[in-house]
Amino acid sequence: LTLVFIGDGAPAGNYGYTNSGYSVYEEENERLTESLRTKVSAIKSLSIEIGTEVKNQNKMLSEMDNDFDSTGGLLGATMGRLRTLSRGSQTKLLCYMMLFALFVFFVLYWIIKLR
């Protein structure tokens, strides 16, 4: 009586599996795993770049907010001065200032239009 075990005679590096379909599946698995690693690495680097860009954009928005606040303060002070001028008896001076402002805006418009 002779007992034959499955896997007897298989090479030691094969762990008892024959060369039938296992090695093909193993190679396919390795290829797909490497492809997945590449894609995950690409997504990771892309997400890091997006995070960096978001930080830069937030910083720029914060700076713009500060600039707008300071400009709003300056404009408010100027409007206060104009109200003071309009309440006084200096209506002639106010008309000259308005005409000068209109002239400046017209010149700026003309310069921009020529470009």
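The values are calculated or read from the model by the stated rules, or taken from the named source; none is laboratory data. Computed from a predicted structure; not experimentally measured. So basically every Cβ, Gly included, is an ideal-geometry build from the backbone, and we count neighbours across all protein chains shown. Heavy atoms of the whole protein, side chains included, go into the accessibility calculation; ligands, DNA and RNA do not. Shrake-Rupley method; radii C 1.70, N 1.55, O 1.52, S 1.80 Å.
Some values worked out for this structure:
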quantity	calculated
For segment 23-115, size of Cβ-based charge dipole, Lys and Arg +1, Asp and Glu -1, in debye	1220 debye
Value of Rg to Rh for segment 42-115 (Rh from inverse mean 1/r over Cα pairs, i.e. Kirkwood)	1.33
Protein accessible area in segment 25-88, 1.4 Å probe - carbon and sulfur %	60 percent
Positive-pole candidate from THR52, GLY80, ASN29, dipole of segment 25-88, charges at beta carbon	GLY80
Probe 1.4 Å, protein heavy atoms only - accessible area per residue of segment 25-88 in square angstrom	90 Å²
